[in-house]
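Colleague: Got a structure for you, questions after.
The values are calculated or read from the model by the stated rules, or taken from the named source; none is laboratory data. Everything quoted here is computed from the prediction, not taken from an experiment. Here the Cβ positions follow ideal geometry from the backbone for every residue, glycine too, while neighbour counts run over all protein chains shown. Side chains included, ligands, DNA and RNA excluded: accessible areas come from the protein's heavy atoms. Shrake-Rupley method; radii C 1.70, N 1.55, O 1.52, S 1.80 Å.
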Amino acid sequence: MPRTVRKDPNLKPGKPLKPTNLSDRAALEWDRLTGELDSAQIEVSTAHRTLLSLAATIAADIAKAWDTVKREGEYLTSAKTGAVQAHPASKRLDALRRDYIKVLAMLGIRTAVAVPPEREGPTLEDILNG
């Protein structure tokens with residue numbers, strides 16, 4: 001059973017146009033994200049264009065930072081002190097991921113499960129109520 005999204009009567013469903021100023025990688029992320037939203041039956045409107053653009057750009061930035069971390073490593077050794085420190089791209093990944101989750105939540109994608117898991121046996125409420 002698909003999760004239903006609360007419908008805003010002021011937003012009419014429609015397909016937002018992909019912005020022409022997206023980077024190549026962000027344009028691919030736009031296509032992937034809009035396809036996944038469509039497959040999940042989450043309706044968007046033309047008013048969601050900015051959020052979709054932001055999500056696509058953040059996803060592209062995440063991919064770029066991840067490529068850097070894979071190539072250069074998660075940690076660097078300071079030339080001056082010899083101390084091991086997190087690579088700036090690793091730090092940026094954390095911030096980008098938090099921002100991405102926020103934007104996806106604004107688009108109607110939640111981290112909670114859509115259908116409650118089936119339970120075997122009594123629930124805690126059943127036990128407490130005797």
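Colleague: Pairs needed: first member in the range 74-93, touching a residue at least 60 places away in the same chain (Cβ under 8 Å); second member anywhere, small (Gly, Ala, Ser); C-beta distance under 8 Å; at least 6 residues apart or different chains.
Modeller: Qualifying pairs under 8 Å: none.
Colleague: Being modelled with pLDDT under 90, charged (D, E, K, R) and part of a helix (DSSP H, G or I) is the filter here, so list the residues in the range 35-76 that pass it.
Modeller: Glu36, Asp38
Colleague: Still on this model: Look at Leu76 and say whether it is under 24 Å from Asp24 (Cβ atoms) and either within 18 Å of the chain's Cα centre (by Cα) or of a type in the set (A, V, I, L, M) (or both).
Modeller: Numbers: under 24 Å from Asp24 (Cβ atoms): no; either within 18 Å of the chain's Cα centre (by Cα) or of a type in the set (A, V, I, L, M) (or both): yes.
For Leu76, the condition - under 24 Å from Asp24 (Cβ atoms) and either within 18 Å of the chain's Cα centre (by Cα) or of a type in the set (A, V, I, L, M) (or both) - is not met.
Colleague: Same structure, new question: Could you tell me how many of the residues in the range 52-70 are open to solvent by less than 30 Å² (accessible area, probe 1.4 Å), within 16 Å of Gly108 (Cβ to Cβ) and not small (Gly, Ala, Ser)?
Modeller: Of the residues in the range 52-70, 1 are open to solvent by less than 30 Å² (accessible area, probe 1.4 Å), within 16 Å of Gly108 (Cβ to Cβ) and not small (Gly, Ala, Ser).
Colleague: Is it the case that some residue within the range 39-47 is under 24 Å from Gly108 (Cβ atoms), of a type in the set (Gly, Ala, Ser) and without any contact (Cβ under 8 Å) to a residue 12 or more places away in the chain? Can you show your working first?
Modeller: If we filter the range 39-47 for residues that are under 24 Å from Gly108 (Cβ atoms), which is where we start, we get 39-47.
Subsequent filtering for residues that are of a type in the set (Gly, Ala, Ser) retains 39-40, 45, 47.
Pick out the ones that are also without any contact (Cβ under 8 Å) to a residue 12 or more places away in the chain and you get 39.
The answer is yes, given that some residue of the range 39-47 is under 24 Å from Gly108 (Cβ atoms), of a type in the set (Gly, Ala, Ser) and without any contact (Cβ under 8 Å) to a residue 12 or more places away in the chain.
For (1) over 30 Å from Gly14 (Cβ atoms); (2) crowded, with 16+ Cβ neighbours inside 10 Å; (3) in contact with a helix residue (DSSP H, G or I) (Cβ under 8 Å, 6 or more places away or on another chain), each residue gets a yes or a no:
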residue	(1), (2), (3)
Thr50	no, no, no
Glu72	yes, no, yes
Ser78	yes, no, no
Gly82	yes, no, no
Leu96	no, yes, yes
